[in-house]
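Everything below concerns the one structure shown next.
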Amino acid sequence: MSKSKIIHLDNLSLQDAFNENSELIPLLTPEDEENMNKEEIPSELSILPLRNTVLFPGVVIPITAGRDKSIQLIKDANKGDKVIGVVSQKNSEIEDPGLDDIHKTGVVAQILRVLKMPDGNTTVIIQGKKRFEINEITQENPYLKANVQEAVDDRDIDNKKEFDAIIESIKELALEVIKENPMLPSEASFAIKNIQSSSFLVNFISSNMELSVAQKQVLLEKDNLKERALLTLKNLDKELQKLQLRNDIQSKTRSDLDQQQREYYLNQQLKTIQDELGGVSHDQELDEMRKKSKSKKWNKNVAETFEKEINRLKRMNPQMAEYGVQRNYLELMLELPWGEYSEDKFDLKKAQKILDRDHFGLEKVKERIIEHLAVLKLRGDMKSPIICLYGPPGVGKTSLGKSVAEALGRKYVRMSLGGLRDEAEIRGHRKTYIGAMPGRLIQNIKKSGTSNPVFVLDEIDKLSQSHQGDPSSAMLEVLDPEQNTEFYDNYLEVGYDLSKVLFIATANNLGQIPWALRDRMELINVTGYTIEEKVEIAKKYLFPKQLKEHGLTTEHLTVAKKQIEKIVEGYTRESGVRGLEKQVAKVVRFAAKSIAMEEEYNIVLTNEDIEAILGPARLERDKYENNDVAGVVTGLAWTSVGGDILFIESILSKGKGALSITGNLGKVMKESSTIAMKYIKSNAEEFGINPEVIENYDVHIHVPEGATPKDGPSAGITMLTSLVSVFTQRKVKNKLAMTGEITLRGKVLPVGGIKEKILAAKRANIKEIILCDENRKDILEIKESYLKGMKFHYVTEMSEVIDIALTKQKVKNAKKLI
């Protein structure tokens, strides 16, 4: 097959014209072919002779007209019905062909477009319609005209299966030819596969094969479609054999040439190695290093160190092991961005838009970044603060660094500290050792190309100690704005200024960060998301992201807010959105699988579809339970993945006043239960408890989900309330939860993790919450919209907790105690 549709009417290339109009070339469908066959051809046609090609029915080709007769014919036809007769010349050398110089069988053509080329020629895009035969010439000037009659196509197929096999063979051979010929575009395969009409396939391939005009004319003149298809198949097979033979010859020639080139390169390398062994070839390299050093913006101390070290390298024998270490050291000094800073962007409104675009919520963090930009804008220069974002996993701490970098217009660098236990990873190795390397901080600064990137120190609470040193201690100098102006790397051996770097550390648990390191950072709490926030995040970020990653669009899958809320409430139990994203991905994968397997599915998902894809909702256990049993109280807890609710149960059994505790509780929770019991004993009359009940009944306290370890002071008032409830047989109010620490003096102390606990309570449909009065400030920091429908009771004494939490009446079927 020909490598391109370049047609020469007057020996002039039409490549440019074809490139501009390639989109006009259609693939003929069976319906188009049927409509075309129904069209009547005129009895008289203007005849356009072609020098070196043959037009076939249905095929679109560009031609260039350079002869005066041809140009005049095209002008006249373009003004009329745009229908002409196209025939091929027997001899392309003849300038003014007559009846004897052209073939009698031609094709009626429709002019699709006429273009005036810069060289003065006329380019015409034409499409073949039907075959015709010339009866006689009726006009010779200004161009040929002739009486014609339609050439009858014999489309009767006696053996349909045999004919289908021939057509299928033609397709396979054509695809093989395209594969073997590197000059043919891959789009040609797509065109062949999408041709539906058998006759058009034969015509299309016949037009594009590398055949002479005479051979193509023979194909055109075949009246029987089956015979034309067989001849096309024969010619196509010959073309494939020629291509395979040519490719084999080229492959053998290329192998010989590649071997010669390989030997040449190896000889050149051998020559270079021999020059290196002579000890003089590195002088040019040293001169290039000195030349580069002149453009570096380093201070006098660094410049002197570089000059000293390069002189030392010059005196070294290249065969020495230390030579490579010294050379790598000098290359590092040249590659580090000494004094090179990216220019900060001070468009605060745009920065705010970027932060809001990439992250939903996180107002405190965004406010702090905008404050930093504002100070930079007003002052022009300042030491970058060390920001530490701490909070549960999946709330967007790490990804926030990228948004900050974009908002500031700085480079972005991320360094994971999880499990790092070698101090040399931070400070580098001394270059006296073979294989010495700088620390990862300096390596990342070199990679960023600037001295003021946004540097994310991920999982700083996961640093660990070993016999190789304490990396957290090595981080002290890095994260102190007063010290990091001259950060000392063991490999670099000169101070490097890190004060312009904006460090953003991330952590899940502040308790695991050494206090000295924590003191050097500005702590910003990134709390969990409410259900409403998670729904918005899933709608605006997670679903579009997953649809894109799975090659789908909203036309393939749509999820309404109610269904997203069902996913959030029934299948995720976290403060962040990492687990939610996994569930979203599972839903999107279901749609992708259905499309790939051509299975029917609902584009707009319903609740039933969500359950069919994700299974029954399995996280309903954190919902509040209405208990009519005395001694059952709902508490609020903080976990590493956010807030949660827990139930504390107490029962009495006849005994001698013993206290037993179960539920996999830690030391602090066990102490809280002991304190609560002692306080009740000393204040039994105040709570209306008969002292004989305390002496003659054993108390058992249990916290369900015994496989889960639990500890902390937050359950103090919850345990106290549970014990008073069981001793008095008074029921706890419905939809009420509490959190707080207790003392032997009857005081209620504040606890942490308030926002996470409040969000957990809201998820559990709790309406009233008891807190220490000192936790009031934590509630004020939470958006009012999150607190809608919730009532808060602030207490300072244990007696207040009991008055608020317990009803006046005893529970149904209350036990008759002494």
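Observations on the structure shown:
- Panel order for 403, 575, by other beta carbons found within 10 Å of each beta carbon, from fewest to most: 403, 575.
- Rg/Rh for the stretch 348-525, where both radii come from Cα atoms and Rh is the Kirkwood radius: 0.97
- Highest average first, the peptides 716-724, 124-132 ordered by how many other beta carbon atoms sit within 10 Å of their residues are 716-724, 124-132.
- Normalised contact order of the stretch 521-668, rounded percent, pairs of Cα under 8 Å and 6 or more residues apart: 22 percent
- From the Kirkwood radius over Cα pairs of the stretch 348-408, Stokes-Einstein at 37 °C and 0.692 mPa s returns a whole-number translational diffusion coefficient of 270 µm²/s.
- Extent along the principal axes, Cα only, for the stretch 283-323: 32, 20, 12 Å, with the longest axis given first.
- The local environment of residue 660, defined by Cβ-Cβ distances under 13 Å, has a net charge of 0 under the rule Lys, Arg +1 and Asp, Glu -1.
- Cβ-based net charge around residue 480, under 15 Å, with every Lys or Arg adding one and every Asp or Glu removing one: -1
- Where only C-alpha atoms are counted, convex hull volume of the stretch 15-150 per residue in Å³: 105 Å³
- Applying the Kirkwood pairwise sum to the alpha-carbon positions of the stretch 688-755 produces a hydrodynamic radius of 14.0 angstrom.
- Violating pairs (Cα-Cα greater than 18 angstrom) within the set 757/791; 171/238; 654/731; 366/548; 79/116: 654/731; 366/548
- Amide H contacts of residue 224 (H built 1.01 Å from N, under 5 Å, at least 5 apart or other chain): 154
- Cleavage-rule hits, trypsin sites (Lys or Arg not before Pro), the stretch 150-239, DSSP coil, Cβ neighbours within 10 Å at most 11: none
- When the convex hull of its Cα atoms is viewed from all sides, the stretch 531-618 shows a mean projected area of 5.1 nm².
- Over the chain, equivalent-ellipsoid semi-axes from the Cα gyration tensor in Å: 80, 45, 24
- Above 28 Å, the calculated P(r) of the stretch 426-579 contains 44 percent of its Cα-Cα pairs.
- Whole-Hz ³J(HN,Hα) from phi, Karplus 6.51 cos²θ - 1.76 cosθ + 1.60, for the stretch 712-723, glycine and proline x: x, x, 5, 8, x, 6, 5, 5, 4, 4, 4, 5
- Cβ-based exposure ranking for 762, 297, 755, in which fewest neighbours within 10 Å come first: 297, 762, 755
- Maximal additional length on extending the residue 654-residue 304 stretch stands at 117.3 nm, based on 0.36 nm per residue less the C-alpha distance.
- Once the gyration tensor of the Cα atoms in the stretch 735-793 is diagonalised, the equivalent ellipsoid follows with semi-axes of 20, 12, 9 Å, ordered largest first.
- Sorted from longest to shortest, the spans of the Cα atoms of the stretch 647-745 along the three principal axes equal 35, 27, 26 Å.
- Entry note, the chain: relative contact order of 7 percent, from Cα contacts under 8 Å with a spacing of 6+ residues.
- Global dimensions of the stretch 623-810 from alpha-carbon coordinates: Rg and Dmax equal 15.5, 50 Å.
- Placing one equal scatterer on every Cα of the stretch 380-426 and applying the Debye formula, the log10 ratio I(q)/I(0) at q = 0.17, 0.27, 0.30 Å⁻¹ is -0.72, -1.17, -1.21.
The numbers here are math on the coordinates, done by the rules we state, and not lab data. Fair warning: this is a prediction, and the values are worked out from it, not measured in the lab. Note that we place each Cβ from the backbone using ideal geometry, even for glycine, and neighbour counts take in every protein chain shown.
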